[in-house]
Amino acid sequence: MIKAILIFNNHGKPRLSKFYQRYSEDTQQQIIRETFHLVSKRDENVCNFLEGGLLIGGSDNKLIYRHYATLYFVFCVDSSESELGILDLIQVFVETLDKCFENVCELDLIFHVDKVHNILAEMVMGGMVLETNMNEIVTQIDAQNKLEKSEALSSHDSLSAMSRSWSYPYLSNPDTTGSLNLKRTHLFPVGKNKAKDAALSTPPQL
Amino acid sequence: MALKMVKGSIDRMFDKNLQDLVRGIRNHKEDEAKYISQCIDEIKQELKQDNIAVKANAVCKLTYLQMLGYDISWAAFNIIEVMSASKFTFKRIGYLAASQCFHEGTDVIMLTTNQIRKDLSSPNQYDTGVALTGLSCFVTPDLARDLANDIMTLMSHTKPYIRKKAVLIMYKVFLKYPESLRPAFPRLKEKLEDPDPGVQSAAVNVICELARRNPKNYLSLAPLFFKLMTSSTNNWVLIKIIKLFGALTPLEPRLGKKLIEPLTNLIHSTSAMSLLYECVNTVIAVLISLSSGMPNHSASIQLCVQKLRILIEDSDQNLKYLGLLAMSKILKTHPKSVQSHKDLILQCLDDKDESIRLRALDLLYGMVSKKNLMEIVKKLMIHVDKAEGTTYRDELLTKIIDICSQSNYQYITNFEWYISILVELTRLEGTRHGHLIAAQMLDVAIRVKAIRKFAVSQMAMLLDNAHLIASNTQRNGICEVLYAAAWICGEFSEHLEEANQTLEAMLRPKVTTLPGHIQAVYVQNMVKLYASILQQKEQAGEKEAAQEITQLMIERLPQFVQSADLEVQERASCILQLIKYIQKLQVKEVPVAEEVIALFAGELNPVAPKAQKKVPVPEGLDLDAWINEPPSDSESEDEKPKTIFHEEEQRHSRHRQPEIDEEELARRREARKQEQANNPFYIKSSPSPQKRYQDTPGVEHIPVVQIDLSVPLKVPGMPMSDQYVKLEEERRHKQKLEKDKKKKKQKKEKRGKHHRHNSLHTESEEDIAPAHHVDIITEEMPENALPSDEDDKDPNDPYKALDIDLDKPLADSEKLPVQRHRNVETLKSPDSEVPLVEKKSKKPKKKEKKHKDKERDKGKKKEKEKKVVEEEEEEEEKKGEDLDFWLSTAPPTAPTPQAQSEPGTGTAVVAESQEVKKEEREEQDEEEEDEGKKSSKHKKKKHKKEKEEKSKDKKKSKKKSHHSEEEPPVSVQNGTLEDEPLPPMSSYRLLAENPYIKMTYDIQGNLQNDSQVTVSVIFENKSTSFLKSMELNVLDSLNTKMLRPEGSSVHDGIPVPFQLPPGISNEAQFVFTLQSIVMAQKLKGTLSFIVKNDEGSTHEKLDFKLHFSCASYLITTPCYSDAFAKLLESGDLHMSSIKVDGISISFQHLLAKICFHHHFSVVERVDSCASMYSRSIQGHHVCLLVKKGENSVSIDGKCNDSTLLSNLLDEMKETLSKC
């Protein structure tokens, strides 16, 4: 079982949090903070597993994470998941994001966290891996987007709200708050992680 | 008004969407909280509007704020509104918000039930999908119960997209509503073979997750998973299955044996590291479960270790980490194989990655031996010095202590070395584990008598340098060691050479900055020290020196008397008083040392931590009984003040005259003992009566330690453990030389001595004799200690509820209607396991609900529960048979497995096991046939016995051992009071037979429906031809009719939903409706089928007579004796009785037979008399009183219906007359 999926940036700002177990909002924030502290301390070339221990639900759990450019993708899993399998799943997730957003960068995640959630929902459901085939995921996402679009077009009422959400507002309105590296730094390619076609040799269509 | 509307629409145009909100937050870095609270106000306004788009937008923003840590539960109702929007766009937003913030405590969640149900059945698959996804995050027990049916239906949805989601969410449903597991399980199992790989993978996922928690219930699925493992190419699925096998093998070692080969093949062939790793892991689990008995498993271990070495040597840190992790599992059972890779593991200690270092440390723990302990610890000490970051250093520290102290210091050959190590560890700054070191020091000093002198000298040094240890901060955990140091110096002060110096060190003003509990120990032990110095001086006749030391104490103690710590203050003032008194005596030149020292006389023995618990309570002692009857309230009020007053007076008088008389001493000793007993750091003195404080320490019987002279007794300055390593090497070398010499000389004298003290150390143990003849005092246990029972499991384990036996057949009360729809599918897939031919569509659902409600109304919870359980048991057989059939049936349509999959060995085994099952099935049927012949007429043979037998056989067949001798039958639960073994009983009777086919059948009442029974027919193909197009038809009577699909006439037969290849049998079920159940019924029927062989196909027919006995209308129902008595008293029951002579079987046996064949349950049994109860599907109560005489049995029956009763009794007579 996957207990939680967290995405945060190099400064610990949450970009997505998905808990498959109930925690109060305060606890969630605390978990995110602590996870960030654990993960951010680690060098680039150390192993991607951490015994999270006390964070979520005890010693059975592990943190499995990957670091892409400015973002950390952290999966908290229990012993029923294969460590290397989850590493690949993260890779599949990021590649799927890359496909859906076309050269995904942190900004995409910042402004479209809802879409990221939707993509994630096609991969992991209630803490269990639902689909690992990227093409299948993308197909389903596209179909749903199409459905959404057709709904938006058929109704004037929601048009204003929806059409805006489909544009990329930050392109015309460059965001210049300094704390983040806002250039469209692609999550890909990130050298090591991409190169490591990693554990499962039969790539994503496992 | 109009203005308002215009304003509203303008507002809407300026509504922020999610992107605006995010941007806004980013632009308000300074006052983010304020900005967000503004936004929340806006959102609240938006939520008040009617426009669903606006609402959805608001909810979307809330979801974002939730991620930032804002509680949005206040908007739960709005979220539900958005969830129920008709548009997918909004619905998705709503469900996402719900999945992020709904939980069991959300009160409005119950409002969602109908909406979710609607979405689940939506024609748009994405509506369904989004509802499933959302539900998976916030499903509650109520939702699970209400929606289980709908979700189960979705498991057979036409779209794989829905199927896989429905399958996956079932796990969550099971967790919240465990009752759904059994009804849903057959379908879930079916999904393991779904044509869509995604669905298959989801099913594997769910079953693996279930099996991980309660593996034993899923053992029966092993063959199926085995097949999947050898045929699947999906690595995700493979990994899950292999992990599952890892969980199953400990329960069934024979399964492990079977697994080794395919797994080894996979290890050799796969290029996927993850798969390789999981294979290795499971092989390890298998090897652990086998641990012995496998002749060639060393090869497998070698393979694993070798593969793991490759992982560890890999530059990929992840693989390295996992390699070490798996290595530590091997270590537990096969330490030798791992030890040869010590170099590699030590190397990992240098890794820059902390996780890897920690893993390596874990491994080292298991790798130490006498030979390498010093070396390994030396390496670790180097790492301690180098280590950055306290966590890792602390980890190292605890590991060093763990490694050294494991199994009662088994690997330590030189305790001086160990003490030095401990002292060296005290130099660690900022460690949290001071108390650990302290505990070790205490333990070693107490238990290893030989080391006391050395330990005391080291501890004295620590005390002397206390300023170094305690200097840094108050919070410094390391100062805990001073606690141990002070205690050791005090307790074993006779070994102290410079006692004066140590005493002074303990009296330094700096000491008062230590934590209170340490100061307390200081105070207590400085008196011990003082006492021994006093004695020394007095013996030496140095009166002045003695007085000086007393004076010193009197001067310095007040600093402790002023302590804010209660304990310190109390002890100090008490002791100060004592010493002042001593001073007075000294002035009078009275020798006091003897008396003072008597305060601390007595030997300490370590007591096992559990000793107290294990003291048996003496016979006749009731710990709960009052020693004195508690005084009544009125009395106590009067007397209480008196006693208090009395006590106070006593105390005062003592204060005034602090005479050290015998009584006072005893009291103090008592107090001291008390104090020690409550002191966790104090190793408690023995509870055994021989060792009283009066006894002088029995030194004689303790083996005296001889210290090897090659080791200097006192090391100047702080000790350096390193030198011991060298010394040890030299010593060992010398020893070896000596030994060699001795061998030549054939000498024994000196070494004989060695052995006497070290029965532990046999020659084989690496030939290393310890430097000291160590006497490790074992911890004491009370005499007749009770065996411990520690394994208490967490009662709150949520997975416990899922510990459900899935092999049991489904009870009617559990069955959910979903199963009935499976006809069509089963027709297509004859290999699916439960071919039911019950055409009930929607009826049963309602019926069942009604039934449940009825039960609930009864209010007798207990009774109900018990009933349900019994019903389950009752219905179990059917299902057990089904599973068995599934196991025994080779899928006729499937191609031969060999052709299908690559690793030949694995599949060969599968094929073999299937064959075995076939054979075994035949055997069984033969048995049944025999029995059928014996009982020429209808005989109700039934139940558990047979099932148990079968399940055992099943297991056996898995293990390839057919032709088993009869298993000792297990007693029938129902109605059995003794564990007397019962003969097997079968419930299936012969229906009809010809050269092609044999039919046996069994009839079960249907609890959900008062006018239905289910007939299960086993069809067995006896020929060498293929049987197909089987159709069963009966001639309905007025009373009894076969339930046919809607639209078909009474003359139409019902197709049997499978075909039968040669030698195969399978079971189908048919439902019959009846009006009256008071009489037995017979129905004529025909089975028509096509026989297909090489020559062509022919039409064949087989006639049969279906006999519905009255007992088949009864349903085993438990009854409490009081309810039973009421029933009998009620007077509306008719009575009848029978008597059967010539009964030779035991009474218990007889009851079991009645229970089994006639569906009764025992209410009460007294000697050879029992009352029994059962209920018909139409609610007739049947009560029996069974009495056994010499060799006869009389049965008195009472029932609402006299005809039913007499028929039942007739049937019973028939059964019994055969006994």
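The numbers here are math on the coordinates, done by the rules we state, and not lab data. Everything numeric here is computed off the predicted structure, so don't read it as measured data. Cβ sites come from the backbone with ideal geometry, for glycine too, and all protein chains shown count toward neighbours.
For residue B:73, the shell of other residues with beta-carbons less than 11 Å away shows a net charge of -3, using +1 for Lys and Arg and -1 for Asp and Glu.
Between the listed residues A:76, A:50, A:107, the Cα displaced farthest toward the positive end of the dipole of region A:2-150, a dipole computed from Cβ unit charges relative to the Cα centre, is found at A:107. Taking a ≥ b ≥ c as the square roots of the eigenvalues of the Cα gyration tensor, region B:1023-1164 is classed as prolate, since a/c reaches at least 1.5 and a/b is larger than b/c. For region B:384-428, taking Cα atoms only, Rg and Dmax work out to 11.2, 32 Å respectively. Spin-label pair residue B:1010-residue B:626: with each label point 7 Å from Cα along the Cα-Cβ axis, the two points sit 5.7 nm from one another.
Measuring between alpha carbons in the structure, the pairs from B:543/B:584; A:62/B:240; A:99/B:165 lying more than 20 angstrom apart are A:99/B:165. Each Lys and Arg Cβ is given +1 and each Asp and Glu Cβ -1; about its Cα centre, region B:422-501 then shows a dipole of about 240 debye.
Net charge of the neighbourhood of residue B:546, taken over other residues with C-beta under 10 Å away and scored Lys/Arg +1, Asp/Glu -1, is -2.
From the Cα gyration tensor of region B:89-162, with a ≥ b ≥ c the square roots of its eigenvalues, which class applies: rounded if a/c is under 1.5, or else prolate if a/b is larger than b/c, or else oblate? Since a/c reaches 1.5 but b/c is at least a/b, the shape of region B:89-162 is classed as oblate.
If you take the square roots of the eigenvalues of the alpha-carbon gyration tensor of region B:192-295 and sort them as a ≥ b ≥ c, do you get rounded (a/c under 1.5), prolate (a/b over b/c) or oblate? Oblate, since a/c reaches 1.5 and b/c is not below a/b.
From least to most packed, judged by other beta carbons within 10 angstrom and beginning with the fewest, A:149, B:320 follow the order A:149, B:320. For residue B:1088, put the label point 7 Å out on the Cα→Cβ axis and report which residues of region B:1006-1037 keep their amide N under 13 Å from it. Taking a point 7 Å out along Cα→Cβ of residue B:1088, the residues of region B:1006-1037 whose backbone N falls under 13 Å are B:1029-1034.
Step through the table entries A:13/A:41; B:227/B:1022; B:399/B:734, compare each Cα-Cα distance with 21 Å, and write down the pairs that go over it.
B:227/B:1022; B:399/B:734
Taking 0.36 nm per residue of separation and subtracting the Cα-Cα distance, full extension of the segment from residue B:74 to residue B:303 would add 76.6 nm. Residues B:581, A:20, A:68, arranged from fewest to most other Cβ atoms within 10 angstrom of their Cβ, appear as B:581, A:20, A:68. Amide H contacts of residue B:1071 (H built 1.01 Å from N, in plane; Pro and chain starts excluded): B:839, B:1015, B:1043 sit under 5 Å, all sequence-distant by 5 or more or on other chains. Neighbour counts of C-beta atoms inside 10 Å place B:1079, A:134, B:327 in the sequence B:1079, A:134, B:327, starting with the fewest. The mean of 1/r over all distinct Cα pairs in region B:549-612, once inverted, gives the Kirkwood hydrodynamic radius of 13.9 Å.
Tell me which residues come under 5 Å, amide H to amide H, from residue A:68 once H is placed; ignore anything under 5 positions away on its chain. Answer set, sorted by chain and number: A:73.
Each Lys and Arg Cβ is given +1 and each Asp and Glu Cβ -1; about its Cα centre, region A:2-150 then shows a dipole of about 340 debye. Remark: spin-label model distance residue B:1144-residue A:79 equals 5.6 nm, labels positioned 7 Å along the Cα→Cβ axis.
The slack between residue B:340 and residue B:158, meaning 0.36 nm per residue of separation minus the straight C-alpha distance, is 59.9 nm. Between residue B:142 and residue B:589, the FRET efficiency estimated from the beta carbon spacing at R0 = 60 angstrom works out to 0.10.
In the neighborhood of residue B:203, defined by Cβ-to-Cβ distances under 13 Å, what is the net charge if each Lys or Arg adds +1 and each Asp or Glu adds -1?
Values: positive: B:163, B:164, B:165, B:187, B:189, B:191, B:240; negative: B:190, B:193, B:194, B:196, B:209.
My count for the surroundings of residue B:203 gives +2.
Using Cβ point charges alone (K and R +1, D and E -1), the dipole size of region A:1-82 about the Cα centre works out to roughly 260 debye. Inter-chain neighbour count for B:172-182: the average number of beta-carbon atoms from partner chains within 10 Å of each residue's beta-carbon is 1.
Under the simplified labelling scheme, the residue B:1191-residue B:1105 pair shows an inter-label distance of 3.2 nm, with each label point 7 Å from Cα along Cα→Cβ. Full extension of the chain segment joining residue B:391 with residue B:41 gains 121.5 nm, where the gain is 0.36 nm per residue of separation less the Cα-Cα distance. Taking all Cα-Cα distances within region A:2-150, those exceeding 26 Å account for 21%. When you filter the trypsin sites (Lys or Arg not before Pro) in region B:490-587 for DSSP loop state and at most 12 other Cβ atoms inside 10 Å of their Cβ, nothing is left.
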